[in-house]
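Read the structure below first, then the notes.
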Amino acid sequence: MLKKKIYSFYKGKRMITINEHYLKLRASYLFSDIGKRVAEFKSKNPEKEIIKFGIGDVTRPLPKVCIDAFHKATDEMANESSFRGYGDEQGYAFLREKIAHYDFQSRGADIMADEIFVSDGAKCDTGNFQELFSQDITVAVPDPVYPVYVDTNVMAGRTRGFTDGRYGGLTYLECNARNGFVPDLPKDRPDLVYLCFPNNPTGATITKTQLEQWVDYARKTRSLILFDAAYVAFIRDDSLPHSIFEIEGARDVAVEFRSFSKTAGFTGTRCAYTVIPKSCMAYDSRDNQHAIHSLWLRRHTTKFNGVCYMVQRAAEAIYSDEGRKQVAELNDYYLRNAHYIVKELRLLGYECFGGENAPYIWVDTRMNSWKFFDMLLEKAGVVCTPGAGFGKCGEGYVRISAFNSFENVQKGLEKIKKAIR
Ligand code: PLP
């Protein structure tokens, strides 16, 4: 009754309207679909144990160096002489200098501390970055893809609706077994390209030569590469580039995203950073160039408050000798899981990709990926992630995550073996 009255009062008058691009987003999200199916299975089989190889969250605690740094920094906040209030939104110099030295300069990448922006997540940064560019830019994303790159461009109105597994107006760079899950250079130049290596979900890595080709392409076509290196800490083959800035000329055409989430178990602690070389330019409608660094600085200082002091001290701790050792051990643990999963699945006859320099294993199931998911859940009580949820090219594959205890990995593989044999 009241509703009706309100409606008739406002009828014909102006009301707040929504950003209708949100309505184009696919109604259900991959992990909520998985959650629903797992919950249903649980309610039907309350006695059955479920092993989760699905969501890519870390399971091991923070390295001891980080915990010690946390405690020390917390104690500093208890004293007037060492207390800190608002910090530099770009991040404290002590952290940015360590990042510049250890993650870039020590590998020959010419990156300075003031080109680094500390943040609370690579998800936010990869998602927000597109805001700097006009609505009519053309965007290319890998397929399969980390969904944030796509959804944030949908929200910004750069796409049409979702039909037949894809959004109209986006360029999808197909990644498959033929190209080793490294996208070919597109024939039609996009303004903005997202690349992610080591890759989520395929676990693929990119060689120096392949990355050089991409940088060359971006320089020739004046496009910008957004390079997501959230999983860099899993690279063990030293011939692989850790950063796009190890490639000559990349400073002018690339931005890189890194995160402490997977590197050092910070998924709940939150710390990441974005690297924007000062020589990286974008253009206005009159073809005047503008430093992307200045645009992001403006955005970051306007919309972001900085990462808390204790967290930045904990992040800094991973760059000490002991910190680097502890981080390597932490990630070696997950890589051991990955190697075990690959070995056992291959023995069962499955073709596996990734898992070498990445915590994800991309398994060719030779069937519909949701059917395989259901089969694994029903018969083995094991949860994986259907590849179709990451894009059309993911159909037929599932992603298995190595973020787990070794005991669980062994148990899960035993269950899979029993179910599949
Ligand atoms: N980029 C990729 C490719 C990821 O897979 C993830 C997390 O799953 C992120 C970024 C997010 O990192 P963060 O925890 O720093 O937001």
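Measuring only protein heavy atoms, the 1.4 Å probe finds Asp136 accessible over about 120 Å².
Listed peptides 260-272, 329-341 appear in the order 260-272, 329-341 once ranked by packing, highest mean of other Cβ atoms within 10 Å at the front. For q = 0.19, 0.20, 0.21 Å⁻¹, what log10 I(q)/I(0) does the stretch 137-193 give under the Debye formula with an equal point scatterer on each alpha carbon and no solvent? Each listed q maps to, in turn, -0.66, -0.73, -0.80.
The charge dipole of the chain, taken about its Cα centre with unit charges on the Cβ atoms of Lys, Arg (+1), Asp and Glu (-1) only, comes to about 2000 debye. Note on Lys379 and Asp237: their simple-model spin labels are 3.2 nm apart, each label 7 Å out from Cα toward Cβ. Contact order, relative form, for the chain: 22 percent (alpha carbon pairs under 8 Å, 6 or more residues apart, mean separation divided by residue count).
Given +1 at the Cβ of Lys and Arg, -1 at the Cβ of Asp and Glu and no other charges, the dipole of the stretch 226-376 around its Cα centre is 560 debye to the nearest 20. With the cut-off at 24 Å, tell me which of the pairs Lys42/Lys379; Lys44/Lys411; Lys371/Lys415; Lys220/Lys262 have Cα atoms farther apart than that. With Cα atoms farther than 24 Å apart: Lys220/Lys262. Placing R0 at 56 angstrom, the Cβ-Cβ distance between Gln289 and Glu80 gives a FRET efficiency of 0.75 after rounding to 0.05. Considering the zone a paramagnetic label at Lys343 would reach in this model (a point 7 Å from Cα along the Cα-to-Cβ line), which residues of the stretch 394-409 have amide N under 18 Å from it? Counting only backbone N, you get 401-409. Answer rounded, prolate or oblate for the stretch 295-335, using the Cα gyration tensor with square roots of eigenvalues a ≥ b ≥ c: rounded when a/c is under 1.5, else prolate when a/b is larger than b/c, else oblate. Here the stretch 295-335 falls in the prolate category.
Using θ = phi - 60° in the Karplus curve 6.51 cos²θ - 1.76 cosθ + 1.60, the 3J(HN,Hα) couplings for the stretch 264-278 round to 9, x, 8, 4, x, 8, 6, 7, 7, 7, 10, 10, 10, x, 5 Hz; x is entered for Gly and Pro. The spacing between the stretch 393-409 and the stretch 146-187, judged by their C-alpha centroids, is 23 Å. Residues whose amide H lies under 5 Å from that of Ser259, counting only those 5 or more places away or on a different chain, are Tyr273; hydrogens are built 1.01 Å from N in the peptide plane.
Note on Lys303: lysines with a C-alpha under 16 Å away, same-chain residues under 8 apart excluded, are Lys123. Here the stretch 76-119 is treated as a Stokes sphere of Kirkwood radius computed over C-alpha pairs; at 4 °C and 1.567 mPa s its diffusion coefficient rounds to 111 µm²/s. Pairs of Cα atoms in the chain fall into 10 Å distance bins, from 0 up to the last occupied one, in shares of 4, 20, 29, 25, 15, 5, 1, 0 percent.
Derived scalar couplings between HN and Hα for the stretch 309-315 equal 3, 4, 5, 5, 5, 5, 5 Hz in order, rounded to whole Hz, by the Karplus curve 6.51 cos²θ - 1.76 cosθ + 1.60 (θ = phi - 60°), x for Gly and Pro. The residues neighbouring Lys44, those whose beta-carbon lies less than 15 Å from its own, together hold a net charge of 0 under the Lys/Arg +1, Asp/Glu -1 convention. The listed peptides 288-301, 144-157, ordered by packing as a protection proxy, come out as 144-157, 288-301 (highest mean of other Cβ atoms within 10 Å first). When peptides 30-38, 76-84, 110-118, 406-414 are sorted by average Cβ neighbour count within 10 Å, with the highest value leading, the order is 110-118, 406-414, 30-38, 76-84. Remark: spin-label model distance Glu407-Asn176 equals 4.3 nm, labels positioned 7 Å along the Cα→Cβ axis. Stretched out straight at 0.36 nm per residue, the stretch from Asn19 to Tyr333 would grow longer than its current Cα-Cα span by 108.6 nm.
A full extension of the chain between Ser43 and Asp88 corresponds to an added length of 11.3 nm, given 0.36 nm per residue minus the alpha carbon distance. The share of accessible area on the chain that comes from carbon and sulfur is 52 percent, using a 1.4 angstrom probe. Residue-wise HN-Hα couplings along the stretch 143-158, as the Karplus relation 6.51 cos²θ - 1.76 cosθ + 1.60 with θ = phi - 60° gives them from phi, are 9, x, 9, 5, x, 4, 4, 6, 4, 6, 6, 5, 4, 7, x, 8 Hz; Gly and Pro carry x. Once you have a ≥ b ≥ c as the square roots of the Cα gyration tensor eigenvalues for the stretch 144-281, tell me rounded if a/c is under 1.5, and otherwise prolate or oblate according to whether a/b is larger than b/c. Rounded shape, in that the Cα axes give a/c under 1.5.
Placing a label point 7 Å from the Cα of Asp110 along the Cα-to-Cβ line, the residues of the stretch 278-300 whose backbone N sits under 13 Å from it are 278-280.
The values are calculated or read from the model by the stated rules, or taken from the named source; none is laboratory data. No experiment lies behind these values; they were computed from the predicted model shown. Note that we place each Cβ from the backbone using ideal geometry, even for glycine, and neighbour counts take in every protein chain shown. We work out accessible area using only protein heavy atoms, side chains counted, and drop any ligands, DNA or RNA first. Shrake-Rupley method; radii C 1.70, N 1.55, O 1.52, S 1.80 Å.
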